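Taking it in order: structure first as structure tokens, then the write-up.
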Amino acid sequence: MEINKFLKTTVAAAAVSAFAGMASADDVEVLHWWTAGGEAAALGVLKDDLASQGVGWQDMPIAGGGGSDAMTVLRARVVAGDAPTAAQMLGFDIKDWAGSTGNLANLNSVAEAEGWDAVVPAALQDFSKHDGNWIAAPVNVHSTNWVWVNKAALDAAGGKAPTSWEELITVLDAMKANGITPLAHGGQAWQDATIFDAVVLGLGADFYKAAFIDMDEDALGGDMMVEAFNRMAVLRSYVDDNFSGRDWNLASAMVIEGTAGMQMMGDWAKGEFLKAGKTPGEDFVCIRFPGTQGLVTFNSDQFVMFDQGEASDSQMAMASAVMSPAFQSAFNVVKGSVPARTDVPNDAFDDCGKKGMADFAEANAGGGLYGSMAHGHANPAAVKNAIYDVVTAHFNGEYDATEAAEEMVNAVLDAQ
Ligand code: BGC
């Protein structure tokens, strides 16, 4: 992170924590990175739910998709002995915190009373539990292998949603010929990596697993990885010149407005479309990244509670609120994600949400569910960040595909 940005966020952290020090015992101070329009709307559902139970909210937002900046601030706060009450966290970060510091609150009492074991899929429990104890409450399941397409732009490009890499290229070419930016993208490492998740998965589930979950050297540096980087370079050619540093929600806005044809992004993007009053099937179309139908790369936002030295009713109330079936429906309808429990009806969800729920259930049952590398569910942060560096350097032309595959092996080995 740039120094200025670090100082800004750290000073903001100190300022908010000073305020939080005056908070009542019934408040929760929540560190999160939900600052885009659709994300903030979803967060509002949680704040309102807690307010209705008499639990106040101290907001600690740290902008930055994917949460890397939020994790930096969180570390600074905890090192300074000033942990927030609760924090949004992803996959391996939860494991790291649980394993290294041991200062995450144990949620077993509420989990047992409410029967979380029976309703939270095992793939999520793997991240919510440490040594058999519940230490995180999963609020949702997102997945990264989605494409969000402007419906009018798709119609003008032939009207057929692509289902293979070749069909995808045909549609992107047609959009280019129609004078719009075919692919809306923001040049930030986590966004490059989000597309990379889907590109690697599109070359085969076995390849995705071997490279990102098993970190197999042959997969990391072999021909398939070279092909993955070749495909990234092809996608790069459909991005506009101003992509560098653009936030993901501004890329979503380009698709919403129709100045761009599509965005390859996790389903939090749907929150932006909904916030803008757009309807799936009419204004936009949600498809799985071509070639990844039936497969899901998931990430689950979970809330951990930092041990405050004494049992906190408000922390338990928050954990309980997050896990209530009614809340999981209301929240995820707005957020774009799907519930983290198997017993939530899909009635309130739009067509993309219903598809998301069905895809997740199918992938979970059929062995097609994999943790997202880009969003911290495939490997620890050090490995993830090493992969980010290679993917971004290649996307920006520093390596060709062969060099990038070689660098990938070195980076992952060094980071382990
Ligand atoms: C989180 C989402 C969030 C997205 C963009 C992901 O890592 O899981 O909840 O909306 O980053 O900030």
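All of the numbers you see were taken from the coordinates with simple rules; none came from a lab. The shown structure was predicted, so the numbers you read here are calculated from the model rather than taken from an experiment. Positions of Cβ are generated from backbone atoms using ideal geometry, with glycine treated the same way; all protein chains shown enter the neighbour counts.
If I take R0 = 41 Å and measure r between the Cβ atoms of R75 and E114 in this structure, what FRET efficiency does the formula 1/(1 + (r/R0)^6) give, to the nearest 0.05?
Values: r = 31 Å, r/R0 = 0.75.
It comes out at approximately 0.85.
Any idea what the relative contact order of the chain is, in percent, if you count C-alpha pairs under 8 Å spaced at least 6 apart? Please report the intermediate quantities before stating the final value.
Working: 751 pairs, mean separation 107.0, N = 416.
Relative contact order comes out at 26 percent.
Taking amide H positions as placed in the peptide plane 1.01 Å from N, state which residues far from H130 in sequence (5 or more) or on other chains have amide H under 5 Å from it.
Residues meeting the amide H criterion: I135.
If you stretched the chain out fully between D82 and A358, how much longer would it get, using 0.36 nm times the residue separation minus the C-alpha to C-alpha distance?
Extending this stretch completely gives an extra 95.2 nm.
Can you tell me the 0 to 90 degree angle between the C-alpha axis of helix 68-79 and the longest principal axis of the chain, rounded to 10?
Roughly 20 degrees between the two axes.
Residue-wise, which Karplus ³J(HN,Hα) couplings in Hz belong to the stretch 368-377, taking 6.51 cos²θ - 1.76 cosθ + 1.60, θ = phi - 60°, and x for glycine or proline?
With coefficients 6.51, -1.76 and 1.60, one gets x, 9, 10, x, 6, 5, 4, 10, x, 10 Hz.
When the Cα atoms of the stretch 145-241 are enclosed in a convex hull and the volume is divided per residue, what value in Å³ results?
Numbers: hull volume 9.6 nm³, N = 97.
Hull volume normalised by residue count: 99 Å³.
Taking the 0 to 90 degree range and rounding to the nearest ten, how far is the long axis of helix 91-100 tilted relative to the main principal axis of the chain, both from C-alpha atoms?
40
List every residue whose amide H lies under 5 Å from the amide H of F284, counting only residues 5 or more places away in sequence or on a different chain, with H placed 1.01 Å from N in the peptide plane.
When sequence neighbours closer than 5 places are left aside, the close amide H contacts are K151, T279.
L104's amide H: which non-local residues (gap 5+, or another chain) put their own amide H closer than 5 Å, with H modeled 1.01 Å from N in plane and none for Pro or chain starts?
Excluding prolines and chain starts, which carry no amide H, the hits are D307.
Measure off 7 Å from each Cα along the Cα-to-Cβ vector at S244 and D59, then give the distance between these two points in nanometres to one decimal.
Distance between the two pseudo-spin positions: 3.2 nm.
At a 10 angstrom cut-off on C-beta neighbours, averaged per residue, how do the peptides 167-178, 233-244, 366-377 rank from highest to lowest?
Numbers: 167-178: 17.3, 233-244: 15.1, 366-377: 22.8.
Final packing ranking: 366-377, 167-178, 233-244.
Determine the equivalent ellipsoid of the chain by diagonalising the alpha-carbon gyration tensor, then write out the semi-axes as square roots of 5 times the eigenvalues, largest first, rounded to whole Å.
Working through the eigenvalues yields semi-axes of 34, 24, 21 Å.
Which whole-number percentage describes the relative contact order of the stretch 124-230, with Cα contacts under 8 Å and a sequence gap of 6 or more?
Numbers: 61 pairs, mean separation 18.2, N = 107.
Relative contact order of the stretch 124-230: 17 percent.
Cross-link partners among lysines for K355, C-alpha distance below 30 Å, same-chain residues fewer than 8 apart left out?
Those lysines meeting the cut-off are K47, K95, K129, K151, K160, K176, K209, K270, K275, K278, K335, K384.
Can you give the local net charge around P380? Use residues other than it whose beta-carbon is closer than 9 angstrom to its beta-carbon, Lys and Arg +1, Asp and Glu -1. Can you show the working numbers first?
Working: positive: K95, K384; negative: D93, D96.
Net local charge, P380 excluded: 0.
Which whole-number percentage describes the relative contact order of the stretch 272-346, with Cα contacts under 8 Å and a sequence gap of 6 or more?
Averaging sequence separation for qualifying contacts and normalising by length gives 20 percent for the stretch 272-346.
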